[in-house]
Every structure is written in structure tokens, then in C-alpha cells.
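Read-outs throughout are calculated quantities, based only on the coordinates presented, and are distinct from any laboratory measurement. This is a predicted model, so every value here is computed, not measured. Heads up, the Cβs are rebuilt from the backbone with ideal geometry, glycines too, and the neighbour counts pull from every protein chain shown.
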Amino acid sequence: MSVAQARGIVKGLKWHHLGFCFFWAVTFVALMAPADEFAFASTGFSVGKQLSTIVAVVAAATLSVRRGSKAFSPESAYIAGIALSAGSLLYYLAFFLADFSVASVAIASVLVGASQGAFFVMWQSFYASEGTSRTTVYIPLSALCSVVLCIAIGFLPTEWLVVCGVIVLPALGAWTLRKSLAEVVPYEAEPLTRERRRMLLRDMARPVFCVCAIGFVWKMIGYVVPQGNLGSFEGIMLGMSCATLVVAAIELFTERGFDMLRVYQVLFPLITGVFLLPTFFGIEWLGAVSVFTMFGFEVVNLLLLITCAAYASRKAIDSSLVYALCVAPTLASLLLGDSVGQVAAAHTVLDFTLVVDVLFVCVYVLTAALFLASLGRNRSDVRRSITAAPQSGSGERDSGESIAENVARMKSEEFPVQGASVVEGGQCAQKEPSSKEASRDVQQCEEKPSAALRRSNGAAPMTPTDESPTSLEERLSSLDLADPLSARECEVADLMRHGNTVAVIARRLYISENTVRGHTKSIYRKLGIHSKQELIDLLN
């Protein structure tokens, strides 16, 4: 994504699209750790919350697959907000307001975990419907806003913290989610056949494995390594801020976007280098180990969230299903890291030598993860997990498909008219035309085979030209519509009749894919048609 494209997207950004930051602030800072006397109960709350989140994510994905686009209505956001508010209230009653009971802690963990899973899945459905370009802007900006909120909340007295955690933040989180879900125009998910299931598992296995490895190590060493000054609240906020900036830089300043394995290959030597700092420079550097590992996890975790949304939209797969398959293992790895770290801290007398040994074990775990993630038949398999930024002059993202798959897809998108030509081996292959327009397209392809070949290999999509026998304005005026198309609908219709996809139109006009689908429905209604092919036949 170029800086100009990002600027165009930000101009159309609405503040409630970043509402995920309110929910993040509640679970990350507002529900802060209680006093040491409640350490065991706090651990039970954390474990119960993580288990409930995993169950909620899987349940939401199952519901979404069964009910399709009707799974999450905008009002569902209020239910999640009420559950989060109730769970937060019980949490504060148990740990801060002298009304502790095991039952209140257990109920609080279930309510907070279930609402957390619901927020995760519903926000993901919004991101997937908005399109890849906007997702790569929304998620990092939401994370950065959550850092600002967390820093502000961290300085509040306990009384105001309770008000924010129980009322203000859950209400804002639910309201912004409801506003965002109301804008969703669902894309049509294709049936998940056996081949598509295999494709999904094959494509997402490596990035998920990389995230799980770093997440496990981060959680484990959090219990084994003393935090120190660098492990303080300010240090953690600094690490999260740096992670969001790194993710934004990857999308803005790299031509092909990110490949999770490549990002992991860069993070691996950095993390292992930080692990060596205490050995060379003393025990005071132990705090940097946990913070930098957290930074590495936040980077790959944010990239995984973007990957899930972009992959679901691009492959026409239910976003909740993709999210559950990717995030549930990640949450499980965090829970496992917590458990291993607690056992190690409880049954071992920790000294500097043992801590160094633990760090080298972590290096071994990360090395094994890197080796296993690198296994594959060929380079094209590795690149299947990419959600790359659009290249200069390109109208489509490179989804990591093989050359043959990419060419076949681009053929179907660039020549949507019946009887249009396709390109095979640099030559024009003509289907039997069913109209004069198809014959004209074939003739143009024969005259300019190199241009057609460039289109078939991912060059810029077709745009309106003066070669059209009838302009869009002339065709629309001849139809004598009772409800004329708006200026924006005319732009969308003109791009649609030249074969551009929803994603391409969104990037060309700097609007979201939801907006494009909304304009498309309005265009179909006003023209009395029901498909893109009917629009092409009517306006060409």
C-alpha cells in the first residue's frame, strides 16, 4: 500500500471504525491485577477467561457457518457489551471492593471471556467485509488508540478506573461495534468443500504456528524472568506502540506487504539477541527480555489478525471460521505458556543461572518453530499466507497464489463478458462469441496481445475508454430511469461494466468494499437487474 492510498483511506475513516480500542483497553488495563493476597484467585480468573474466550470464538464460528450473514446483527454488540460490563463489575467487587468470593470470580471470568470472544469475532467480520486495504489501516490504528487509552487509564485512581471499566469503556465498545456492524454488506461466502478446507489449513498453518511459538515463549518467561524497570507498565506500552508502528510500516513501505514466515525470520535473531543481553551485560537487562518478546508477539499477532480478515474476504470464506482456526490455537498457546510458567516458578528456586538456561530453552523452541514453519514443497506454498499490498499499477493484491492460479483468476475477472477472449501462452484464444461486444473484445485482443497478457498476469484492471460504442451517460439517458443513479453510483456502474471487481473499485474510489456492495445493490434496484452480467449487457 502506498502512502497516497493510505491517506485516501484515512480521509474516509469514521472514528467508530476504531472502536476495537475501547474493548482492548478494558481487558488489557482496566481489569488490572489485584493485590498479592488474591494472586491465586487472579490466576484462576485469567485461566477461566482464556478458556471461555476460546469456547466463545469456536461457538461463534459454528453459529456463523450455520446461519451465514445473519449470525451477527448489530444489536448483538449490545449483548456482548452488557456481558463485559457485568463481568467487569463482578471482577471489581471480588478483588477491589471487599466482596470476594470464588463464585463471583468464576462468573466474572466466564462473562469477560465470553464477551471477549464475541467482540473478537464480530469485529473480525466487520474487518473482512471492509476489504484488505482498509483492514491494514484499521487494525494498527485501533491498536495504537488502545495504547493511548491504556496509558491514560493507568493514571486514574481506583474509583474512576471502576467507572471506566464497568460503564464507559464497555458502552463505547458496544456502541462503536454496533455502528460498524450496521455498515456491513456481507459478501457471499462460497461452500467450504474438502479442497477448500485443505487449502485453508495449508495456507494458514505456518503463520499460526509462528504466532503460537512466540506467544508461548512470551507467556512462559513472564513468570520465570523478573520484570525489572523495563517490564513495567510504561515498558509494556512502549513495546505495544512500537509493534503497531512496525506493522504500519510493513504495509506502507514494502511493495509486497508481509509474509508471516519472513517477518518471523527477521524477529527470530532480534529476540534471540535480546535473550543474550543478560548474559553479556548483567541481570538488570532481564526486564528487556519479556518486553521485547511481547513486542515480537504483538507484531505477528496484529499481522495474523490482518491476514485472517484479508484471507477470508479474498477467498470468500466465512470470516468467523478463518478467525477461529487461527486465533483459537494462539489463545491455547498463551494459556499453555501461562501454565508452564506458573509451574516452573512455583517448583523451582530461580537464580540467574537457571534463568539463562530457561532463555536458551526458549531459543531452542523458537528455532524449532522456525525450522518446522520453513518446511514445504516449494516457495509458492510459503507465499500462500501473504496478504500483500497492491503493487504499483496493479489493481489486485497478490494473494500468494501460484502463477497458474493467479493467471486463471485474473482471466475470469478481467474478461467477465460472455464470449470474451482469454489469453493462453501469450496468444488470444477466442471463445465462441455470443454478441457483437464479445466479437469486438476478441478483435481488440488479437490486435493487442501484449496488453491482454499484462492484464491476465495482474496488471491494472480495465478502465473506461473512448472505444466504447456508447458512453454510460448516453445509455442511462436512453433508459429513462424513474430513480436516476447518483454521481457515485455512476462511477461504480462504469467501473463494474468494464469488469472491475469489488476490491478493485474500492481501491480506485478510496471507499470500503461495504460501500461498493451497498452502491451495487442500489444500482441493481434502480436498473431493475439482479447480477453483474445483466449490468454489463445493459450498459455496454
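Modelled label-to-label distance, I529 and W160, 7 Å Cα→beta-carbon offset: nm?
A separation of 5.8 nm, rounded to one decimal place.
Can you work out the base-10 log of I(q)/I(0) for the range 55-193 at q = 0.17 1/Å, using the Debye formula on its C-alpha atoms alone?
Relative scattering, expressed as log10 I(q)/I(0), comes to -1.01.
Checking the a/c ratio against 1.5 first, then a/b against b/c, what shape does the Cα gyration tensor give for the range 294-333? Provide the component values of the computation, followed by the final result.
Details: a/c = 4.52, a/b = 1.61, b/c = 2.82.
Verdict is oblate for the range 294-333.
On full extension of the chain, what length is gained from D99 through L51, given 0.36 nm per residue of separation minus the C-alpha to C-alpha distance?
Length gained between D99 and L51: 14.8 nm.
Kindly write out, for the range 493-508 in residue order, the coupling ³J(HN,Hα) from the Karplus curve 6.51 cos²θ - 1.76 cosθ + 1.60 (θ = phi - 60°), rounded to whole Hz, with x marking Gly and Pro.
Coupling constants for the range 493-508: 4, 5, 6, 5, 5, 9, x, 6, 7, 4, 4, 5, 4, 4, 6, 5 Hz.
Between beta-carbons, use under 14 Å as the cut-off and find the net charge around A482, counting Lys and Arg +1, Asp and Glu -1.
Residues near A482 contribute 0 overall.
In the P(r) worked out for the range 122-170, what percent of Cα pairs fall beyond 13 Å?
Counting pairs separated by more than 13 Å, the tail of P(r) holds 66 percent.
Figure the gain on full extension for V266 and R7 (residue separation times 0.36 nm, minus the Cα-Cα span) and round it to one decimal in nm.
Length gained, V266 through R7: 90.5 nm.
From the cross-link list K49/K219; K49/K315; K11/K179, which pairs have alpha carbons spaced over 21 Å apart?
K49/K315
Counting each pair of different Cα atoms once, what's the Kirkwood radius of the range 175-224 in Å, rounded to one decimal?
Kirkwood radius, the range 175-224: 14.7 Å.
Show me, for the range 14-19, the HN-Hα J-couplings you get by feeding each phi into the Karplus relation (A = 6.51, B = -1.76, C = 1.60, θ = phi - 60°), rounded to Hz, glycine and proline as x.
So the Karplus estimates, Gly and Pro as x, are 9, 5, 6, 5, 9, x Hz.
In the neighborhood of G222, defined by Cβ-to-Cβ distances under 14 Å, what is the net charge if each Lys or Arg adds +1 and each Asp or Glu adds -1? Don't skip to the end; give the middle numbers.
Details: positive: K219; negative: E298, D338.
Here the count lands on -1.
Roughly how many Å is it from the Cα centre of the range 168-219 to that of the range 262-301, as a whole number?
Comparing the Cα centres of the range 168-219 and the range 262-301, I get a distance of 27 Å.
If the chain between D357 and S486 were fully stretched, how many nm would it gain, using 0.36 nm times the residue separation less the Cα-Cα distance? Before the final figure, lay out the partial values.
Numbers: separation 129, 0.36 × 129 = 46.44 nm, distance 6.75 nm.
Computed gain between D357 and S486 is 39.7 nm.
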